[in-house]
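First the structure, in the form of structure tokens, and then the observations on it.
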Amino acid sequence: MNPGAEMLRLERIGHVAVATLSRPPVNALDETLVARFDAVLDEIAGDDEVTVLHIRSDQKAFCAGADLALMRSCFATADGPDIMLKLVSRMQWLFERIEASPIVALAEIGGAALGGGMELALACDIRVAAAEAKLGFPEVGLGLLPGAGGTQRLTRLCGRGVANRLILGAEVIDGAEAERLGLVQWVRPREQLAVWTRELAERISALPKAAVAEAKRCIAAQGDPTQDGLAEELAASRRLYHHPETRRRVSEFLNRSTTQGHSKETL
């Protein structure tokens, strides 16, 4: 068995790769779990059939951040801060990989997503939370900060005002408030969350992978000052016009419209 495989199980269901966090009690992040996440991303990258990465948990928490035992041991030694910084740097790299992946990353947040766990969720494209889940960045209360991308992604996603409120105030909110503020796109009662999110993953996975990847790339270009988003749209559109799957789908759509007598039908 691969190191850490019991902490993060991977299963293929159709075009969905389901990654289930299972490190009792709260899926705390350490070197082994981060390395396992990297290995999972490598495996998915080599599978052309996967369109969606569905990240979930079989624990009460989604992910409650860095391992407290590791933090305790690090703060007890002179080189401890360097060890912690190495882990935070690896987390930054991991979350950047998730964000930059051509597939859709979907976080199912059934329980607490705090600190590094919230940073993991923010690296995903889509987040669905249980109304009862607790989300936030409590680091400042410990004299720390969310250093694995939290200050950057939250500000980019929700604006500086919300980032100031949650990070500077070390505020923890529930899923309903997270949806209102824009941290998550949907909120559902906990008892409905798993089924609803699974169906969402299945629906997205049925979409053409090339189109999803190109659309994701163009959306990301909007926040990159080194890229011309409109030019990226044109270049992506050109690639898709020549893609076999696009041509097949458009041909079927046009033939269906003609057969049904709706020649003026639009997309």
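Brief remarks on what is shown
- Test: residue in region 78-96 that is in contact with a Phe, Trp or Tyr (Cβ under 8 Å, 6 or more places away or on another chain) and open to solvent by less than 10 Å² (accessible area, probe 1.4 Å): yes
- Of the residues making up region 19-29, those that are of a type outside the set (G, A, S) and surrounded by fewer than 19 Cβ atoms within 10 Å (Cβ to Cβ) number 3.
- When region 35-55 is filtered for residues that are under 16 Å from L106 (Cα atoms) and in contact with a His (Cβ under 8 Å, 6 or more places away or on another chain), the ones remaining, listed by number, are V50, T51, V52.
- Unique residue being of a type in the set (S, T, Y) and in contact (Cβ under 8 Å) with a residue 12 or more places away in the chain when the list is T226, T246: T246
- When each of I44, I55 is tested for being open to solvent by less than 10 Å² (accessible area, probe 1.4 Å) and touching a strand residue (DSSP E or B) at 6+ places or on another chain (Cβ under 7 Å), the lone residue that passes is I55.
- All strands (runs of 3 or more DSSP E) inside region 118-189 with 2 or more residues being of a type outside the set (A, V, I, L, M, F, W, C) and either crowded, with 16+ Cβ neighbours inside 10 Å or touching a Pro at 6+ places or on another chain (Cβ under 6 Å) (or both): 134-136
The values are calculated or read from the model by the stated rules, or taken from the named source; none is laboratory data. The structure displayed is predicted, hence computed values, not measured ones. Quick reminder, even Gly has a Cβ in these numbers, built from the backbone with ideal geometry, and neighbours come from all protein chains shown. Each accessible area value is taken on the protein alone, full model and side chains, heavy atoms only, with ligands, DNA and RNA left out. Shrake-Rupley method; radii C 1.70, N 1.55, O 1.52, S 1.80 Å.
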